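Worksheet: the structure to be examined is printed underneath.
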Amino acid sequence: MESLFQHFRQEEKEKIIFYYSKFEIASRDYYPVLLDFTDPRERKIIESISGRFPDIKTEYYGGGLEDNHERKRVLLVPEMLEVSRDDFEIETVELHYPEKFVTLTHRNILGAMMNVGVDRSKLGDIILSDHIQFAIDKNFFDLFKSELTTIKNAPIELVKIPNDEFLSAVSNTTKHSIIVSSFRLDVIVSEVLKEGRAKSKNRVTREKVKVNHALVTDPSFQVELEDVISVRGFGRFIVSEFIHVTRKGKSRIEVLVYED
């Protein structure tokens, strides 16, 4: 396992050990092991581990017919066994609210859901389109139903819907090409937000920036591809692609900024 650690960050070591242990259980017991909702970075770790367990298949599902969602649950399945989408234990929910009197954003909804006290890993994608829908661990529906009754002082109702009716992920991002002198967190935040480096550094040290949903307070933190960066008061973006090195030795990268 030690060779795995060198490909990831030091602070991801516990997560690697956790996922590795789940593969060991699936292999030892010859029984599917269900994991919580994961983001793209976590699935990158899982895929790296899966190469060590050729007898285990990794299956992903986030809800709906076209599974193009950002957050997905993972099933570790021993070879020769078959699973269905019901085995992912996902509940898809539609949120009803007085649309004429209040406007709800992704940030409003996620904040309200987190205030219920449920870990982020139990929550899937939140889709804002003609309807507002989201995916959750089915074991937490009753809790949300009883505790999540208002958002922005507006009454809401949560209604179960069939997984097949869960909307496809909406492309609510805009592409931006930026040039950075390094992959330091404060440098990238500064370029995306188009603000001074000192201000971005201050955001990080004052606990206003998260990377992959984890708080980061070190401005020199090294960002990697597929990292999702959240900045309080701004929103979030993902570092999606390295384009090339400029003649002056800087890096041109692509970021996808989520529209709230």
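Read-outs: derived from the displayed coordinates by stated rules, not from any lab. Keep in mind that what you see is a predicted model, and the values were worked out from it rather than measured. Cβ atoms come from the backbone with ideal geometry, glycine included; neighbour counts cover every protein chain shown.
Just a few scattered comments:
- Calculated mean residue ellipticity, 222 nm, the chain: -7500 deg cm²/dmol, from DSSP H runs (n ≥ 4) at -39500 (n - 2.57) each, averaged per residue and rounded to 500.
- Max-minus-min Cα coordinates of the chain on each principal axis give 54, 53, 29 Å, with the largest extent listed first.
- When the alpha carbon coordinates of segment 2-87 are projected onto the principal axes, the ranges are 36, 29, 16 Å, largest first.
- Average projection area in nm² (convex hull over Cα atoms of segment 173-258, one quarter of hull surface): 5.0
- When segment 1-63 is described by a simple charge dipole with +1 on each Lys and Arg Cβ and -1 on each Asp and Glu Cβ, the residue from TYR31, PRO54, TYR20 located farthest towards its positive end is PRO54.
- For the chain, the Cβ-based charge dipole about the Cα centre amounts to some 1680 debye (Lys, Arg positive; Asp, Glu negative; other atoms uncharged).
- Average projection area in nm² (convex hull over Cα atoms of segment 78-208, one quarter of hull surface): 12.3
- For segment 119-208, with +1 on Lys and Arg beta carbons and -1 on Asp and Glu, the positive-most of LEU128, SER200, PHE166 along the dipole: SER200
- Just checking the listed ones, THR205, THR92, THR246: in the Gaussian network model of the chain with Cα springs under 10 Å, the one fluctuating most is THR246.
- Evaluated with a Cβ-only charge set (Lys, Arg +1; Asp, Glu -1), segment 89-235 carries a dipole of roughly 940 debye about its Cα centre, given to the nearest 20.
- Across the chain, the relative contact order, built from alpha-carbon pairs under 8 Å that are at least six residues apart, equals 15 percent.
- For segment 52-95, the Cβ-based charge dipole about the Cα centre amounts to some 240 debye (Lys, Arg positive; Asp, Glu negative; other atoms uncharged).
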